[in-house]
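Asks: Before we start, here is the structure in question, set down as structure tokens.
The values are calculated or read from the model by the stated rules, or taken from the named source; none is laboratory data. Here the structure is a predicted model, which is why all the values come from computation and not from measurement. Counting neighbours? That spans all protein chains shown, and the Cβs are built from the backbone with ideal geometry, glycine included.
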Amino acid sequence: MKHNIILTKKGRSIKGTIHLTGSKSECNRALIIEALSNGKVKVENISDAADTVVLSEVLSRQWAVGSRQAESGETHSPFTTHHSPIVNIGPAGTAMRFLTAYFTLQDEEVILTGSERMKQRPIGILVNALRELSADIEYVENEGFPPIKLKGNLEQVTSKISIKGDISSQYITALLLIAARLPLGLELHIEGELTSRPYVEMTLAMLQTAGIQHTWEGNTITIQHQEFKSTSLHIEPDWSAASYWYAIAALADEAELFLPGLTQYSLQGDSVITEIMANFGITSQFKDGGVYLQKEVKPIFRKIFDLKECPDLAQTIIVVCAALGHDATFTGLETLKIKETDRIKALQNELAKIGVKLIEKGQVYKLDCSEKQLPERIFVNTYDDHRMAMAFAPLALLINEVEIEDAQVVEKSYPAFWKDLERVGIGPLTP
């Protein structure tokens, strides 16, 4: 059952220590690597994000039953209900992309499905690339969208395939994760401009830690067939989650926060939040095994933010600019319309409640804060999107009561978010 949460904050000073969960992005990659390595790779500091929990459970069931089948000669699927091999990953988009590639290498046939919104999120580009590798994949309902039926036991006929780079880096990562297990390896040509390049770099760095070598020349990434090595992958705390604390600091009059475990040289592209929020007077000092955030009042000069390589930060940064009345311009938002919701439309709807317009002109988006007004109370719709809830929560520093729809939605990536807000004196009131 869904319930809302009402946030309030006395004063505009923030101080405290916040322990963040492990990175969802790192952890989901690590879990696939662990499964493909047949146990050689171990994952440490697993995230408690709902998406990661779902992926972990699917892989654990598949591994456990696969072992039992090997011992007993059984042939039924680990996910069978009345002989229907269905794997339902709910709203977990990363799991959908990664498992689509992963199950092409497994012995069983499965139907991979998800929530109603997941059935509206395109998967065709990845399916077409896997079909080029001779994967047997069928659409169960609508062409180009989940659910899909995967028959497994891919019999590769070529190692050379192409994929568009400006749609979703998760398609590319899904292919790279399985590349070393492909009999002929993989030579992946990326067509056009690459969106979210840091996420692809993260994937390759984690694979390299697990013993998988690659070359990246021009627009082509090559991974030969090779074996994983025995190692551990330690998951850093989540920089995407940290971004909301940077937003809170930016909207505060005074802020002193410590986020343990975060490192200056992170694999996570969203660590660029340190540079972006410096524009809003937030300094980041790395010491004592984490990062200290401090607010220094300063004028905001930067007008253009290119978020192509960190689209998951878009809502956070746009809401901060809107709340501060900063008429900024944004580029690199092309992937936002195919996320958990159409994030552009969702932002436009909710920002209108404080009198701010997000105007779309081709691939450029501009804030118009000329009619900005902060009411005493605001209701924020979340559209089943965890990042909408967390991006708008910092408004509690400026608005007396901020009611967030469907509080549980944050479980997708940051289950402790509301409790962590309480630790620094932000809400909740009882609706």
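Asks: Among the residues of region 280-305, which ones are farther than 21 Å from P260 by Cβ, surrounded by fewer than 20 Cβ atoms within 10 Å (Cβ to Cβ) and of a type outside the set (K, R)?
Replies: G281, E296, V297, P299, I300, F301, I304
Asks: Can you name every residue in region 86-125 that is charged (D, E, K, R) and either under 15 Å from T341 (Cβ atoms) or modelled with pLDDT of 95 or more (or both)?
Replies: Residues satisfying the conditions are R97, E116, R117, K119, R121.
Asks: A further question follows. Can you find, within region 136-151, the residue that is surrounded by the most Cβ atoms within 10 Å (Cβ to Cβ) among those that are acidic (D, E) and part of a loop (DSSP other than H, G, I, E, B)?
Replies: Checked region 136-151; the qualifying residue surrounded by the most Cβ atoms within 10 Å (Cβ to Cβ) is D136.
Asks: For region 174-256, which fully contained strands (runs of 3 or more DSSP E) count at least 3 residues that are not charged (D, E, K, R)?
Replies: Result: 186-191, 220-223, 231-234.
Asks: Please state which one of I161, I223, I167 is crowded, with 23+ Cβ neighbours inside 10 Å and of a type outside the set (K, R).
Replies: I223
Asks: Looking at E376, E360, E405, which is the one that is acidic (D, E), without any contact (Cβ under 8 Å) to a residue 40 or more places away in the chain and within 18 Å of R343 (Cβ to Cβ)?
Replies: On the way: E376 fails: within 18 Å of R343 (Cβ to Cβ); E405 fails: without any contact (Cβ under 8 Å) to a residue 40 or more places away in the chain.
Selected residue: E360, the only one of E376, E360, E405 that is acidic (D, E), without any contact (Cβ under 8 Å) to a residue 40 or more places away in the chain and within 18 Å of R343 (Cβ to Cβ).
Asks: May I ask you to say which residue of V291, V297 is in a strand (DSSP E or B) and either more than 15 Å from the chain's Cα centre (by Cα) or on the phi < 0 side of the Ramachandran plot (or both)?
Replies: From the options V291, V297, the qualifying one is V291.
Asks: Tell me yes or no: at least one residue of region 327-338 is under 20 Å from the mean Cα position of the chain (by Cα), of a type in the set (D, E), assigned by TED's automatic domain parsing to the domain that holds R377 and surrounded by fewer than 20 Cβ atoms within 10 Å (Cβ to Cβ).
Replies: Yes: region 327-338 contains one or more residues that are under 20 Å from the mean Cα position of the chain (by Cα), of a type in the set (D, E), assigned by TED's automatic domain parsing to the domain that holds R377 and surrounded by fewer than 20 Cβ atoms within 10 Å (Cβ to Cβ).
Asks: So how many residues does region 6-37 have that are in contact (Cβ under 8 Å) with a residue 40 or more places away in the chain and farther than 28 Å from L395 by Cβ? So that I can check it myself, show each step before the final result.
Replies: Of region 6-37, the ones in contact (Cβ under 8 Å) with a residue 40 or more places away in the chain are 6-30, 32-37.
Checking which are farther than 28 Å from L395 by Cβ leaves us with 26-30, 32-37.
The total comes to 11.
Asks: Taking region 223-244 as the region of interest, how many residues are under 23 Å from I172 (Cα atoms) and of a type in the set (F, W, Y)?
Replies: Selection size over region 223-244: 2.
Asks: Pick from A242, A210: which is buried (at least 16 other Cβ atoms within 10 Å of the Cβ) and either under 30 Å from A393 (Cβ atoms) or outside the structural domain of L31 (by TED's automatic domain parsing) (or both)?
Replies: That would be A242, the only listed residue that is buried (at least 16 other Cβ atoms within 10 Å of the Cβ) and either under 30 Å from A393 (Cβ atoms) or outside the structural domain of L31 (by TED's automatic domain parsing) (or both).
Asks: Quick check: is even one residue across region 90-98 more than 19 Å from L177 (Cβ to Cβ) and not aromatic (F, W, Y)?
Replies: The answer is yes, given that some residue of region 90-98 is more than 19 Å from L177 (Cβ to Cβ) and not aromatic (F, W, Y).
Asks: What strands (runs of 3 or more DSSP E) lie completely within region 1-54 and have 1 or more residues being of a type in the set (D, E, K, R) and out of contact with any Cys (no Cβ under 8 Å at 6 or more places or on another chain)?
Replies: Counting at least 1 such residues, we get 13-17, 41-44.
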